[in-house]
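These notes are about the structure you will find just below.
The values are calculated or read from the model by the stated rules, or taken from the named source; none is laboratory data. Source: prediction; values computed, not measured. So basically every Cβ, Gly included, is an ideal-geometry build from the backbone, and we count neighbours across all protein chains shown. Please note that ligands, DNA and RNA were not included when accessible areas were found on the heavy atoms of the full protein model with its side chains. Shrake-Rupley method; radii C 1.70, N 1.55, O 1.52, S 1.80 Å.
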Amino acid sequence: ETGVTQTPRHLVMGMTNKKSLKCEQHLGHNAMYWYKQSAKKPLELMFVYNFKEQTENNSVPSRFSPECPNSSHLFLHLHTLQPEDSALYLCASSQTGGSYNEQFFGPGTRLTVL
Amino acid sequence: ELKVEQNPLFLSMQEGKNYTIYCNYSTTSDRLYWYRQDPGKSLESLFVLLSNGAVKQEGRLMASLDTKARLSTLHITAAVHDLSATYFCAVDMRYSGGGADGLTFGKGTHLIIQP
């Protein structure tokens, strides 16, 4: 595997289900991010992790729960979602400590909440 | 509130023509990023611009940054169909030096290049 991978690529869930999205980066980076891309809004940052520690929660509802067990893996646990949460969820990673913050994105998980 | 505004949001052009996409932002950041997204695909990093006056070119695409005007441009020269995609510009949300920082994106420019 290379780059940033995400599973599953597509997910359909009911409002009462619990599911998890997985992201893995194979780039040796130390920072990971969750973004939401919906039709109605620009790409929105959700969470930032730096060396496994959460450094940013961009006012995300508690029905989204991130987990970062190590610098290579990032999860997004979902429960009691709403139909308006249907979107493309993108994971990204970057190497901090340099002069810029170029982020590399995974293919995304297309989530549909019924 | 940090704002990143792109225009146009939609652009249809013919092959062989030149055009420019504009990105205005409201911070004092001197770092700006351009990404490309093909339909149903993820974002691909195109350019990282790090200072005032920075210019980068890759094939038919050229990006520039004017930090004083808080403006970046993405210029397309002699467009070809393969360049059809959505192009996003982004800036660091806080520009915390070398730390992890989310990006704030523009709404994207949906570019269609007709044969």
| Over 22 Å (Cα to Cα) - which of A:Lys22/B:Lys107; A:Lys22/B:Lys41; A:Lys41/B:Lys41; A:Lys36/B:Lys17; B:Lys17/B:Lys107 fall in this group | A:Lys22/B:Lys107; A:Lys36/B:Lys17; B:Lys17/B:Lys107
| task | May I ask for the net charge around A:Asn101, where only other residues with Cβ less than 9 Å from the Cβ of A:Asn101 are counted and Lys, Arg are +1 while Asp, Glu are -1? | result | -2
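What GluC sites (Glu not before Pro) in segment A:1-68 are in a loop by DSSP, with at most 15 other Cβ atoms within 10 Å of the Cβ?
Working: sites: A:Glu1, A:Glu24, A:Glu44, A:Glu53, A:Glu56, A:Glu67; in loops: A:Glu1.
For GluC sites (Glu not before Pro) across segment A:1-68 that sit outside H, G, I, E and B with at most 15 neighbouring Cβ atoms in 10 Å, the list reads A:Glu1.
Rounded to the nearest percent, how much of the accessible area of the protein assembly as shown (1.4 Å probe, protein heavy atoms only) is carbon and sulfur? Before the final figure, lay out the partial values.
Values: 5320 of 10840 Å².
Exposed carbon and sulfur together represent 49 percent of the surface.
DSSP loop (so not H, G, I, E, B), at most 13 other Cβ within 10 Å: list which chymotrypsin sites (Phe, Trp or Tyr not before Pro) in segment A:34-114 pass both filters. The partial results should precede the final answer.
Values: sites: A:Trp34, A:Tyr35, A:Phe47, A:Tyr49, A:Phe51, A:Phe64, A:Phe75, A:Tyr89, A:Tyr100, A:Phe104, A:Phe105; in loops: A:Phe51, A:Tyr100.
Those that pass, being in a loop and sparsely packed, are A:Phe51.
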| request: Please report, in whole Å, how far the alpha carbons of chain B spread along each principal axis, starting with the longest. | output: 44, 30, 22
| said: Given points 7 Å out from each Cα along the Cα-Cβ axis, report the B:Ser51 to B:Glu5 separation in nanometres with one decimal. | reply: 3.0
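State to the nearest 20 debye the size of the charge dipole of segment A:1-87 about its Cα centre, where the only charges are +1 on K and R beta carbons and -1 on D and E beta carbons.
On the way: 9 positive and 8 negative charges, 53 e Å.
Using Cβ point charges on Lys, Arg, Asp and Glu, segment A:1-87 gives about 260 debye.
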| query | How big is the B-A contact in terms of buried accessible area, both chains counted, 1.4 Å probe, rounded to the nearest 100 Å²? | reply | 1800
| query | Magnitude of the Cβ-charge dipole of the protein assembly as shown, K/R +1 and D/E -1, about the Cα centre, nearest 20 debye? | reply | 380
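Scale the Cα Rg of chain A by the rule-of-thumb value 2.2 N^0.38 Å and send over the ratio, two decimals.
Values: Rg = 13.4 Å, N = 114, 2.2 N^0.38 = 13.3 Å.
Normalised Rg, Cα atoms only: 1.01.
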| Mean accessible surface per residue for the protein assembly as shown, computed with a 1.4 Å probe while every protein chain stays in place, in Å² | 47
| field | Residue-count net charge about A:Pro61 - beta-carbon cut-off 14 Å; Lys, Arg +1, Asp, Glu -1 | value | -1
| request: Output the Cα-based Rg and Dmax of the protein assembly as shown in Å, rounding Rg to one decimal and Dmax to a whole number. | output: 17.6, 52
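Excluding B:Ser45 itself, what net charge comes from residues whose Cβ is under 12 Å from its Cβ, given Lys and Arg +1 and Asp and Glu -1?
On the way: positive: B:Arg36, B:Lys56; negative: A:Glu102, B:Glu44, B:Glu58.
Local net charge: -1.
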| request: Take the Cα radius of gyration of segment B:1-66 and divide it by 2.2 N^0.38 Å, with N its residue count; two decimals is plenty. | output: 1.21
